């Protein structure tokens with residue numbers, strides 16, 4: 001199956017604001033009459049919801065954690081993401097393969113190239129067309145969290161490694177990543193996302209910028 005629509009992901013450390021912005025973008029695109037599917041990892045399918053509860057609330061070793069994420073991703077791609085893209089539906093995902101590289105690679109210390117290979121197997125080499133990285137200092141991001149899961153309860157050093165990993169990933173693929181300062185006002189971040197979509201050619205027809213969340 002060949003994708004016929006853009007695949008856009010949002011990444012960032014816990015509390016950075018990626019979930020809020022991914023939901024807003026999906027709502028905004030829908031308001032522009034663009035068919036859009038909002039999803040997330042883990043938890044983008046019925047199986048994913050079950051795996052999400054295991055991953056977020058049950059401590060486990062790094063390899064078991066990795067393979068649970070990969071199982072969720074493989075099922076997610078084949079049952080949710082690819083079917084939507086091949087129907088011409090935009091897909092917006094809150095987390096995807098970069099989360100594995102950042103958390104299990106830079107955060108947990110697993111081999112990055114091995115993780116890349118496993119990601120490719122799990123996704124059949126489906127990569128995002130555009131990734132928004134919402135970046136901000138670790139302490140400020142964690143202060144925003146209200147329902148701590150086991151990842152949010154990790155030591156500050158872990159979250160700093162994850163943040164540094166994300167920034168290295170973005171530096172290595174500047175054509176795909178757009179880094180946004182999560183400390184900015186929400187309206188400013190929304191406008192920057194809209195401008196990025198226009199600048200990268202995903203929105204060829206004129207759509208009004210600055211449209212608030214429906």
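What the table shows:
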read-out	value
Subset tally (residues that are closer than 27 Å to residue 139 by Cα and not in a helix (DSSP H, G or I)) for the stretch 9-38	9
Residue in the stretch 84-91 that is under 16 Å from the mean Cα position of the chain (by Cα), part of a helix (DSSP H, G or I), surrounded by fewer than 21 Cβ atoms within 10 Å (Cβ to Cβ) and modelled with pLDDT of 90 or more present	no
Verdict on residue 158 being under 17 Å from residue 102 (Cβ atoms), modelled with pLDDT under 95 and not in a loop (DSSP other than H, G, I, E, B)	yes
Residue match in the stretch 44-57 (condition: within 27 Å of residue 171 (Cα to Cα) and touching a helix residue (DSSP H, G or I) at 6+ places or on another chain (Cβ under 9 Å))	no
Given (1) surrounded by fewer than 19 Cβ atoms within 10 Å (Cβ to Cβ); (2) on the phi < 0 side of the Ramachandran plot; (3) without any contact (Cβ under 8 Å) to a residue 60 or more places away in the chain, number of the condition residue 59 does not satisfy	(3)
Residue in the stretch 136-145 that is in contact with a helix residue (DSSP H, G or I) (Cβ under 6 Å, 6 or more places away or on another chain), within 27 Å of residue 85 (Cβ to Cβ) and touching a residue at least 12 places away in the same chain (Cβ under 8 Å) present	no
Residue within the stretch 94-109 that is more than 23 Å from residue 41 (Cβ to Cβ) and either part of a helix (DSSP H, G or I) or in contact with a helix residue (DSSP H, G or I) (Cβ under 7 Å, 6 or more places away or on another chain) (or both) present	no
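The values are calculated or read from the model by the stated rules, or taken from the named source; none is laboratory data. Predicted model, so just to flag it, every value in this text is computed and none were measured. Virtual Cβ from ideal backbone geometry, glycine too; neighbours counted across all protein chains shown.
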